[in-house]
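Input: a single structure, listed below in structure tokens.
The values are calculated or read from the model by the stated rules, or taken from the named source; none is laboratory data. Values in this document were obtained by computation on a predicted structure and should not be read as measured data. Heads up, the Cβs are rebuilt from the backbone with ideal geometry, glycines too, and the neighbour counts pull from every protein chain shown.
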Amino acid sequence: MSQEVGQAASAWEELAVRLACPETVCPPEFRDVSDAVSYLRSVLGEDYLEGARKIRKHPFVGLLSISWPGLRSDFLNWVAHVRGVRQCQNVDRVIGDLRVANKCIHAYGMIEIGGRLRRSGLNVFFEPESGRNEFPFRPDARIDFPTTGESFFLELSCQWLAERQLGAFEAMGACHEPVRMHLETLKCSFRLRTIPAPDHMEEIVQRIEEAAQTVLLTGHHAEVVENGTLEMGICHRKNSEELDMWRTRHAIHFEGYEGPRDDTHEIDRLKQKIRREQRQLPQEYPNVLAIENDHIFSHYPDVRHLISALQEEVYKYRNLAFILVQGSNGSNRGEAGEVITQGEHRFQRSVGQGHVRHTLLLSNRYVEQKPSDKLRTLLAEALFD
């Protein structure tokens with residue numbers, strides 16, 4: 001038993017060390033990173049991190065391997081949100097979901113949004129009754145604004161990549177893994193033209209492993225070419241010019257990884273998500289539907305076009321006052337922050353420490369129960385940094 005406790009303690013201590021870098025910004029709720037991690041440890045329990053490591057898509061996993069400063073700072077802000085919602089009704093159910101593989105990302109997002117709203121002076125009740133016997137669903141949260149007496153319900157939904165997109169990313173990850181294992185020594189570029197069948201994928205990965213070992217032994221460039229499927233160049237980091245020349249010959253962009261052509265229509269997928277999820281919210285309230293989508297803003301960097309494409313879908317539903325679409329990603333491209341206002345809609349891109357956060361709030365002028373100006377202002381303060 002003491003050995004298990006020691007291992008759990010080591011996991012929390014390891015997390016604190018990984019977070020405590022000079023670039024990491026700790027929120028004012030805590031003295032320092034160790035104080036924040038100690039608080040989270042007291043809430044989640046000694047053994048929590050060991051279980052989180054076993055969930056492939058758990059929000060904590062990146063923090064335990066490779067992360068960038070902005071992601072670490074965002075995580076510490078999330079710990080502050082945990083503290084902010086600790087007294088909210090049914091919060092223990094949400095915290096319990098952080099241990100469940102198919103619920104942990106949703107629970108993480110609910111705590112983040114709930115903490116933002118709570119910090120702005122709104123009261124948050126997780127998993128409430130709708131108050132209407134004939135309404136069959138239970139939304140994720142009810143939000144009360146004591147100043148005006150207004151209430152609304154909030155539903156959060158997470159939208160992943162389409163199945164074929166996930167397949168492409170997994171295939172690209174499998175191709176990159178034999179090189180990534182030697183990241184400090186080797187680098188590569190490749191073009192994957194299609195998703196290989198399982199046996200073919202296994203054969204390709206074996207060839208990449210052999211090529212990587214050849215580069216480690218000789219220090220010189222090697223390539224793996226599977227006609228119609230893959231072209232990959234691998235080099236020693238000391239001889240990067242060899243890979244530059246190879247990329248030029250194969251017309252692969254600098255430092256690039258090119259995957260199979262993606263013709264998924266992301267706006268249509270998002271519209272379908274709105275159509276399904278708005279059913280979870282009752283009528284006669286100025287409700288909010290929040291959608292986590294980490295890739296829509298990369299597919300549509302012209303945010304004004306995205307707003308125009310989505311607003312007519314928003315206007316169809318008289319039970320939605322707002323639709324919040326948000327996502328984040330790491331970046332080393334020197335992106336700049338931006339604020340766009342288009343009619344009653346607002347978008348913000350926040351950039352800091354290699355971390356980019358996108359927030360789009362679409363407002364529905366045709367909602368049945370219109371929110372007060374005070375509530376609109378408070379929501380904007382809560383949702384936009």
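See the values below:
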{"read-out": "The one condition in (1) surrounded by fewer than 21 Cβ atoms within 10 Å (Cβ to Cβ); (2) assigned to a strand (DSSP E or B); (3) over 23 Å from the mean Cα position of the chain (by Cα) that VAL339 fails to fulfil", "value": "(3)"}
{"read-out": "Some residue of the stretch 249-265 being modelled with pLDDT of 85 or more and surrounded by 19 or more Cβ atoms within 10 Å (Cβ to Cβ)", "value": "no"}
{"read-out": "Subset of the stretch 287-324 (residues that are charged (D, E, K, R), in contact (Cβ under 8 Å) with a residue 40 or more places away in the chain and either part of a helix (DSSP H, G or I) or outside the structural domain of SER363 (by TED's automatic domain parsing) (or both))", "value": "GLU313"}
{"read-out": "Qualifying residue in the stretch 95-103 (condition: more than 20 Å from GLY45 (Cβ to Cβ) and modelled with pLDDT of 95 or more)", "value": "no"}
{"read-out": "Residue among ARG31, ARG18 that is surrounded by 16 or more Cβ atoms within 10 Å (Cβ to Cβ), closer than 23 Å to GLY352 by Cα and basic (Lys, Arg)", "value": "ARG18"}
{"read-out": "Any hit, the stretch 190-198, residues being outside the structural domain of ASN319 (by TED's automatic domain parsing), of a type outside the set (Asp, Glu), assigned to a helix (DSSP H, G or I) and crowded, with 17+ Cβ neighbours inside 10 Å", "value": "no"}
{"read-out": "Residues located in the stretch 283-303, provided they are surrounded by 18 or more Cβ atoms within 10 Å (Cβ to Cβ), out of contact with any Pro (no Cβ under 7 Å at 6 or more places or on another chain) and of a type outside the set (Asp, Glu)", "value": "TYR285, ASN287, VAL288, LEU289, ALA290, ILE291, ASN293, ILE296, PHE297, VAL303"}
{"read-out": "Residue count for the stretch 309-334, restricted to those that are farther than 25 Å from PRO282 by Cα and loosely packed, with under 14 Cβ neighbours inside 10 Å", "value": "3"}
{"read-out": "Matching residues, the stretch 57-81, being without any contact (Cβ under 8 Å) to a residue 12 or more places away in the chain, of a type outside the set (A, V, I, L, M, F, W, C) and surrounded by fewer than 14 Cβ atoms within 10 Å (Cβ to Cβ)", "value": "SER65"}
{"read-out": "Residue match in the stretch 223-235 (condition: part of a helix (DSSP H, G or I) and of a type outside the set (Ser, Thr, Tyr))", "value": "no"}
{"read-out": "Among (1) in a helix (DSSP H, G or I); (2) exposed (fewer than 14 other Cβ atoms within 10 Å of the Cβ); (3) modelled with pLDDT under 90, the one test that ARG276 misses", "value": "(3)"}
{"read-out": "Criterion: modelled with pLDDT of 95 or more and small (Gly, Ala, Ser) - qualifying residue of ALA174, ALA162, ALA141, ALA168", "value": "ALA141"}
{"read-out": "Close pairs (7 angstrom Cβ cut-off, 6 or more residues apart or separate chains): at positive phi in the stretch 271-286, at pLDDT 90 or above anywhere", "value": "GLU284/GLU368; GLU284/GLN369"}
{"read-out": "Checklist (1) at pLDDT 95 or above; (2) buried (at least 17 other Cβ atoms within 10 Å of the Cβ); (3) out of contact with any helix residue (DSSP H, G or I) (no Cβ under 6 Å at 6 or more places or on another chain) applied to SER42, failing item", "value": "(2)"}
{"read-out": "Enumeration of residues in the stretch 353-382 that are hydroxyl-bearing (Ser, Thr, Tyr) and surrounded by 15 or more Cβ atoms within 10 Å (Cβ to Cβ)", "value": "THR359, SER363"}
